[in-house]
Amino acid sequence: MRSEQDIAIQITGLKKMYRLGTIGGGTLQGDIQSWWARVRHKEDPNSKIGAKAYKKNETFMALDGIDLTVYKGERVGIIGHNGAGKSTLLKLLSRVTGPTEGEIKLDGRISSMLEVGTGFNGELTGRENIYLNGAILGMTKAEIDSKIEQIIDFSEVRQFIDTPVKRYSSGMYVKLAFAVASHLDSEILIMDEVLAVGDMAFQKK
Amino acid sequence: MQKQWTAVIKPKKKLLDLNLKETFKYRDLIWLFVTRDIKTRYKQTILGPLWFVIQPLMASVIHTLVFGNIAGLSTDGVPQFLFYLAGSITWALFSGALTATSNTFVGNAHVFGKVYFPRLTTPIATSLTQIFNFLIQFAIFGVTAIVFAFLPDQPGFKVTWVAALTPLLLIQLSVLGLGIGIIISSLTTKYRDLQVLVGFGVSLLMYLTPVVYSANTVGGKLYIALMLNPVSPAIELFRYGWLGAGSTPWMYWGISWITTLVVLFIGIILFNKIEKNFMDTV
């Protein structure tokens, strides 16, 4: 029997609500106009003619009460059709956006690979980008210092490590980015269709 | 036994949950952002970092020409060029921090949408970069001042003890710029109008601040209105400190500190409220 101590992720009653239709007109003036029209029970001057008018309380539950427990050492894949809420769940787990209700409890360092190479700056060299990207992913400078050689070896781009990454081929770029992400030493790793990286030899790693 | 969780993700309800501890944990990231900004700012330009130097000097030349010679505004008896240089570098610190941080959410949406780190690190790093820029420009100011001290036929100027307050003035100006900037950036996630406003609003605000004129030339109620602009006392004091010109509006400086801290506080609260869900509206 696995105890509570072995839980890595515990999700209880997780809900994420999105509002349907457009959220505001995008300008302050437009929103005030629409609001003033609503107050007087007139037609909204900003709504498209013939468009279905979404009421304020018409919402869409992308996630509606999810309960999930993942134990340490488990590998969990989430499969579903388009719009099932897979990516929304991953976004909530990686704290890109917040839930509407419910909570997620995590034990262990979390790293999400919704995309590799986030925050890469084309003007900086490969080495500088390892530091920047590593820090964005939550590593401290000391940690990166101790792993930099490993990361460079893993990325197979040692020859070009002091060249600005905008001169890299797209393959080199992604391999470098993936090398940083894979050296995070995190207990929880979230991935969203990113493993299609590099050539055959690199993928085997 | 109660289990210790590393992190608990909940809908954010508390208004004062400021997350400052976590932001401090990411100080390495702040530092890397600062070095990135400095390194990449003038890549692929011919003059490179020289632009830091050219900008305030050019501005002061134009100011001397327009406000000093054509309009003939008083500069409290100190060399006009130095007067305008002191004004423009301090103003640039404030306006730079404001403009750069006001774009935090919209400008970084591609990064914020993919990975979590305390969002406040970005505007803090931006403000630190502005301080770095200021220090370079301040060195230029120092060199120019020494040159002027040896030039014949120039009105004299003196450094007073108020100059010792410079670090406080710098902190105040960048914190104020940061505070207003993050308020604007929080509101621009939904309303893009403010981005337009920032552009010309900042350049108009400069004329409501004693940058190209001395506060002494303004009298009565207008002076009070001018000094209630929180940027004004700091710039006046900076100029009084390094050139011995102008006034020392201590009371208004106190008021401007209160304004600064209130703005910063509101800014951080708003920023924290927005950061959690802004990806859904941006």
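Per residue of peptide B:185-193, the mean number of Cβ atoms on other chains within 10 Å of the residue Cβ is 3. In the elastic network of chain B, a GNM with C-alpha springs shorter than 10 Å, the most mobile of B:Ser102, B:Ser203, B:Ser247 is B:Ser203. On the principal axes of its alpha carbon atoms, segment B:1-126 extends 77, 36, 22 Å, with the longest extent given first. For the set A:Lys15/A:Lys86; A:Lys105/B:Lys190; A:Lys105/A:Lys147; A:Lys16/B:Lys276; A:Lys166/B:Lys39, the pairs lying more than 23 angstrom apart at their alpha carbons are A:Lys105/B:Lys190; A:Lys105/A:Lys147.
Summary of the geometry: segment B:55-128 and segment B:244-265, compared by the centres of their Cα atoms, lie 18 Å apart.
If r is the Cβ-Cβ distance from B:Leu261 to B:Leu222 and R0 is 35 Å, what FRET efficiency results, to the nearest 0.05?
Details: r = 26 Å, r/R0 = 0.74.
After rounding, the FRET efficiency stands at 0.85.
Which FRET efficiency value, to the nearest 0.05, is calculated for A:Glu74 and A:Thr163 with the Förster distance at 45 angstrom and r the Cβ-Cβ distance? Don't skip to the answer; put the middle values down first.
Details: r = 40 Å, r/R0 = 0.90.
Efficiency for this residue pair is about 0.65.
Using only side-chain charges placed at the Cβ, +1 for Lys and Arg and -1 for Asp and Glu, the dipole size of chain B relative to its Cα centre rounds to 1240 debye.
A dipole drawn for chain B from +1 and -1 charges on Cβ atoms has a positive end, and of B:Asn216, B:Val159, B:Pro233 the residue lying farthest that way is B:Pro233.
The three principal axes of the C-alpha atoms in segment B:52-171 carry coordinate ranges of 61, 32, 20 Å, sorted with the longest axis first. Each helix, a run of at least 4 DSSP H residues, gives -39500 (n - 2.57); summed and divided by the residues of the protein assembly as shown, these come to -16000 deg cm²/dmol at 222 nm.
Among B:123-133, B:109-119, how do they line up by average Cβ neighbours within 10 Å per residue, starting with the highest?
Put in order of decreasing packing, that is B:123-133, B:109-119.
Here the calculated FRET efficiency for B:Thr166 and A:Thr59, from their Cβ-Cβ distance with R0 = 45 Å, stands at 0.25, rounded to the nearest 0.05. Ordered by the count of other Cβ atoms within 10 Å of each Cβ, fewest first, A:Lys175, A:Lys91, B:Lys273, B:Lys158 give B:Lys158, B:Lys273, A:Lys175, A:Lys91.
Its Kirkwood hydrodynamic radius, worked out from the mean inverse distance over all distinct Cα pairs, puts the protein assembly as shown at 25.8 Å. Mean per-residue shielding of peptide A:89-99 is 5, counting Cβ atoms of other chains within 10 Å of each Cβ. Sorted from longest to shortest, the spans of the Cα atoms of segment A:130-184 along the three principal axes equal 28, 18, 17 Å.
Bear in mind these aren't lab numbers, they're just calculated from the coordinates by the rules spelled out. Model, not experiment: these values are computed from the prediction. A quick note on method: Cβ atoms are made from the backbone with ideal geometry, for glycine too, and the neighbour counts reach across all protein chains shown.
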